[in-house]
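The values are calculated or read from the model by the stated rules, or taken from the named source; none is laboratory data. Values in this document were obtained by computation on a predicted structure and should not be read as measured data. Here the Cβ is made from the backbone with ideal geometry for all residues, glycine too, and neighbour counts use every protein chain on show. Accessible surface is based on the protein model in full, side chains and every heavy atom, while ligands, DNA and RNA are left aside. Shrake-Rupley method; radii C 1.70, N 1.55, O 1.52, S 1.80 Å.
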Amino acid sequence: NMPMPVPEVSRPTFQPKPSEPAFEGVEAAPLFHSPLTDYLAERGIPYGIASRYCCQLNYGVRGKRYFAVGFRNMSGGYELRTRFMKWCLPPKDISLIRNGSLTCNLFEGFIDFLSWKVLGISRGEDYLVLNSVALLERSFPYLDNYGKIRCYLDNDDAGKRTLAVLRKRYGDRIDDCSDLYAGCKDLNEYLESNFPLEQ
């Protein structure tokens, strides 16, 4: 019997409306001191760490130029952040930083990953940033290879549902690390409230 064809996961689930703006003249540049790095500093992320993992993404929409903090994903797209906006330069995908470890630290978003780097808990492990809990299944082919998966997911319903799916698949390979920031929405809120940067 013929195997059932599996639909392609990466196909967009919506057709963009013609009115949606297209990105023009996109260029990734090093992250220099600017309102973007000031914004990250307000969130507890110092320039030295932000500039290692992020870039400044310059782009145009309908003839106007803009810039944002960019965090690259595995498909060459970028998660974008400014003080006012949170969006993505497609294609949307997960981000994986490999260091050859058998342990992977899992984050929902890159601000939490950067917060974790600031907290200095790192022991040279690998890092996987989902960039959206909706992309969890995309992470499975990578997570399958790790002996230990430390989860730093948000303390909300979506984070708890994501953790439950991971536990079902990986069992005791999952280490829920959210106790560290109990009482906070996420790792970044914990960082901001406990270790504010000197401005």
Of the listed residues (80, 96, 106, 102), the one being closer than 23 Å to residue 189 by Cβ and either of a type in the set (Ser, Thr, Tyr) or in contact (Cβ under 8 Å) with a residue 40 or more places away in the chain (or both) is 106
Out of 187, 143, 136, 163, report the one residue that is without any contact (Cβ under 8 Å) to a residue 60 or more places away in the chain, buried (at least 17 other Cβ atoms within 10 Å of the Cβ) and touching a Ser or Thr at 6+ places or on another chain (Cβ under 7 Å). 136
Could you grab me the full set of residues in the range 147-159 that are touching a helix residue (DSSP H, G or I) at 6+ places or on another chain (Cβ under 7 Å) and surrounded by 19 or more Cβ atoms within 10 Å (Cβ to Cβ)? 149, 151, 152, 153
Filtering the range 56-79 down to residues that are open to solvent by less than 50 Å² (accessible area, probe 1.4 Å), under 14 Å from the mean Cα position of the chain (by Cα) and under 30 Å from residue 194 (Cα atoms) yields 69, 70, 71, 73, 78, 79
Output the qualifying pairs, or none if there are none: Cβ atoms under 9 angstrom, residues six or more apart or on different chains, first residue in the range 46-74 and over 16 Å from residue 28 (Cβ atoms), second residue open to solvent by less than 30 Å² (accessible area, probe 1.4 Å). 46/37; 46/40; 47/31; 47/37; 47/40; 47/41; 49/40; 49/114
